[in-house]
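Single-structure report; data block below.
The values are calculated or read from the model by the stated rules, or taken from the named source; none is laboratory data. In this text, all values refer to a predicted model and were calculated from it rather than measured experimentally. In this analysis, Cβ positions are derived from the backbone assuming ideal geometry, glycine residues included, and neighbour counts consider all displayed protein chains.
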Amino acid sequence: DIQMTQSPSSVSASVGDRVTITCRASQDISNWLAWYQQKPGKAPKLLIYSVFSLQTGVPSRFSGSGSGTDFTLTINSLQPEDFATYYCQQTNNFPHTFGQGTKLEI
Amino acid sequence: EVQLLESGGDLMQPGGSLRLSCAASGFTSSRNAITWVRQAPGKGLEWVSTIYSGYSGDAQYADSVKGRFTVSRDISKNTVHLQMNSLRAEDTAVYYCARTIVRYYGDYWGQGTLVTVDS
């Protein structure tokens, strides 16, 4: 199975800051990577898929980059509604493993 | 409007069986792969199963549920079911279903249904 390792596990930031979350795969997953946002008690929300592609309706302050095994999610100019937990997921091979999550706190 | 609605979650004893349903509206669910993801209390997301688009019923399963869980489609009801047998305490989680696009990315999710396995 492909292991997905996110860092950091948690990060504190302020409104207006820029935050970067990284995700490392245990083997090459090409471009088959997504990022999800989850708020407490809610379902995950797709933010970015195939590394770079912004899901419809997601603000442009969210962006993704990387290839192969190393990927990043960048959030520019943090807004109050961005404080949540973020997960990466690889869909290169089954099982479609998730990272352990990164909690973004104020 | 695309919507997914899970149902069937309950408090179960170990070894029991339960069937979850994921009712789709606003789209024809057989045209998309449907994924089940679970989240144990206070934990992260765990991929459980994906049923491929179409009518074959072919699916993939996590090792943790293989041989115990079965996913299927009811085309007439635009619904996907997750049959869960031989339940264990470690199956306790909120179960989400999601419509997938492109390469199995979940673009629409249900609200989740809670399964608790406890004696």
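Here B:Ala24 fits the description: farther than 26 Å from A:Gly101 by Cβ, at pLDDT 95 or above and surrounded by 15 or more Cβ atoms within 10 Å (Cβ to Cβ). Can you pull out the residues in the stretch A:48-64 that are over 10 Å from the mean Cα position of the chain (by Cα) and away from every other protein chain (no Cβ under 14 Å)? Matches in the stretch A:48-64: A:Pro59, A:Ser60, A:Arg61. The requirement of being surrounded by 15 or more Cβ atoms within 10 Å (Cβ to Cβ), more than 11 Å from chain B (Cβ to nearest Cβ), under 11 Å from the mean Cα position of the chain (by Cα) and touching a residue at least 12 places away in the same chain (Cβ under 8 Å) is fulfilled nowhere in the stretch A:25-35; no residue meets it.
What do you reckon, is B:Leu87 more than 8 Å from every other protein chain (Cβ to nearest Cβ), at negative phi and either touching a Cys at 6+ places or on another chain (Cβ under 9 Å) or part of a loop (DSSP other than H, G, I, E, B) (or both)?
On the way: more than 8 Å from every other protein chain (Cβ to nearest Cβ): yes; at negative phi: yes; either touching a Cys at 6+ places or on another chain (Cβ under 9 Å) or part of a loop (DSSP other than H, G, I, E, B) (or both): yes.
Answer is yes for this residue.
Of the strands (runs of 3 or more DSSP E) lying entirely inside the stretch B:9-63, those carrying at least 2 residues that are closer than 22 Å to A:Lys45 by Cβ, more than 14 Å from every other protein chain (Cβ to nearest Cβ) and in contact (Cβ under 8 Å) with a residue 12 or more places away in the chain are B:18-25.
Against the numbered list (1) more than 14 Å from chain A (Cβ to nearest Cβ); (2) of a type in the set (A, V, I, L, M, F, W, C); (3) within 28 Å of A:Trp35 (Cα to Cα), B:Val71 comes up short only at (1). Of all residues in the stretch A:36-46, those that are assigned to a loop (DSSP other than H, G, I, E, B), touching a residue at least 40 places away in the same chain (Cβ under 8 Å) and at the interface with chain B (Cβ under 9 Å from one of its Cβ atoms) total 1. When only residues in the stretch B:90-119 that are within 14 Å of chain A (Cβ to nearest Cβ) and of a type in the set (D, E, K, R) count, which is surrounded by the most Cβ atoms within 10 Å (Cβ to Cβ)? The qualifying residue surrounded by the most Cβ atoms within 10 Å (Cβ to Cβ) is B:Arg99. Quick one: A:Thr20 ticks every box in (1) out of contact with any Phe, Trp or Tyr (no Cβ under 7 Å at 6 or more places or on another chain); (2) in a loop (DSSP other than H, G, I, E, B) except a single one, so which number is it? Only one criterion in (1) out of contact with any Phe, Trp or Tyr (no Cβ under 7 Å at 6 or more places or on another chain); (2) in a loop (DSSP other than H, G, I, E, B) is unmet by A:Thr20, namely (2). Scanning the stretch A:47-106 for residues that are surrounded by fewer than 18 Cβ atoms within 10 Å (Cβ to Cβ), in contact (Cβ under 8 Å) with a residue 12 or more places away in the chain, over 17 Å from B:Gly44 (Cα atoms) and of a type in the set (D, E, K, R) gives A:Arg61, A:Asp70.
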